[in-house]
1. Arg269 to Asp227: extension gain in nm, 0.36 nm per residue of separation minus the Cα-Cα distance?
2. Mind checking the alpha-carbon convex hull of region 116-157 and giving the volume per residue in Å³?
3. When ranked by the protection proxy of mean other Cβ atoms within 10 Å per residue, highest first, what sequence do the peptides 359-369, 294-304, 181-191 form?
4. Run through all the Cα pairs of region 93-181 and give the fraction in each 10 Å bin from 0, expressed as whole percent.
5. Can you give me the long-range amide H partners of Ala177? Hydrogens built in the peptide plane at 1.01 Å from N, cutoff under 5 Å, separation of 5 or more residues or another chain.
6. What residues have an amide H closer than 5 Å to that of Arg373, excluding those fewer than 5 places away on the same chain, when H is modeled at 1.01 Å from N in the peptide plane?
Amino acid sequence: MADVPLHRVAAAAPHPAPRHPALRRALARSRRDDARQRVEAAAAPRRRSRVVIAPAAVLVTGGTGFVGAAVIRRLLDGGRGVVALARSRPGLPARERVALAVGVAPDHPRLDVVEADLADPAPLAPADRARLLRAVETAIHCAGDTTFHPAAMDVFRAGHVDGPRALLRALAGGRLARWAHVSTAFVCGRRTGRVREDEGDVGQDFHNAYERVKLEAETAVRRQAGDLGIDVRVVRPAIVVGAAPATSGGRPSALFLDFVRALAALARRARGGRLPLRVVGAPAAPFNIVPVDHVAAAAVALAEAPAASGGTFHVVTAEPPPQRAVLDLLAARLGVDGLRVVDRAGAGEPSPLEARVARMLAAYAEYLEQDVRFDDSRARAVLEACGVPASRLDAAVVGRLVELALDGGARAGGGRSVACRAS
């Protein structure tokens, strides 16, 4: 292609002045306007054009744990910046612990890890505190010991109640405006029947110290945040199941999916697909489990949705099927028959196999026998508006849980293992 000649005008060669007086006056006005605009531009603050301000970072506690790691993954997948609070362990710095739990590289560009100890009345170093005061508008608190019956109640209560209060005080006066507090739907304790989202302490008895202290923490955090002008949203999941990070230290209990693995092992030895096994529970009661990915999606949405301001939300499976239906789905997926859920009154004398299974499920036996129905109308309304679909426990989901259990979590990402917990 031939070169196209370019006609240049020498920079020092002025254009001839126009002859017509009107054109000369117009040109003079144009030059005066240009000069005035240059002066005004020089005096005005310098601005960068087309700058997009990224959303402020979201602070997450408990990032090496079950729900916290899933929350961080959800935020990173959504393009958000995350500040994770964590402690180092011998031979494993905090940054590497969080990265291992989340399943990302330690140098992920949108993941910042800050050393912090929520057991300390001053959980943040001064330099880190100053930085977080400028950077964090939303916090999602997922940290907490999930032991049902702790040996040292003072330490346990301090971790659940005093820790988040200390962190709220440390972040007060900065940009922090919203605090999403991950609790548990089982702050209802031993209640049965319908439990509303706006109900807290109604004089209920509790199964264990975990439930009691989680309710204490909700109350204490709301009071502390109210004094500081920070908006609190409480997220109450049911029993959470899914892939837990190896960094969770064997907790929360992998009980539900351990049960699935045990059934699968029994099914392989069953003669003619027949596995006579009665599990003591409440056959018609809802099976209150919810996948961890749904809990993470809900927590992220509720943490910042304006409609969630000040609210409490049950994050549960929509219209959960009864226990007997879930056991039927498990039996169908494993190719056995003879599995039944029975109430304790009609259970009779257990077989040796049934006694072994009962011992395995002992930690959750009271939950299996509890007929409680969590109203989630407020959560569903907000989450639907945020584009978070309802979680359903159908044959497809049960099939995926069986696959996850049989896989052992080895390929669940980042070396995670299967787990469940009462949130």
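Read-outs throughout are calculated quantities, based only on the coordinates presented, and are distinct from any laboratory measurement. These figures come from a predicted structure and were not determined experimentally. Positions of Cβ are generated from backbone atoms using ideal geometry, with glycine treated the same way; all protein chains shown enter the neighbour counts.
1. 9.0 nm
2. Per residue, the Cα convex hull of region 116-157 comes to 79 Å³.
3. 294-304, 181-191, 359-369
4. Answer for region 93-181: a P(r) of 15, 41, 36, 8, 0 percent.
5. The list, which skips near neighbours in sequence, is Thr138.
6. Residues meeting the amide H criterion: Gly193, Arg194, Val195.
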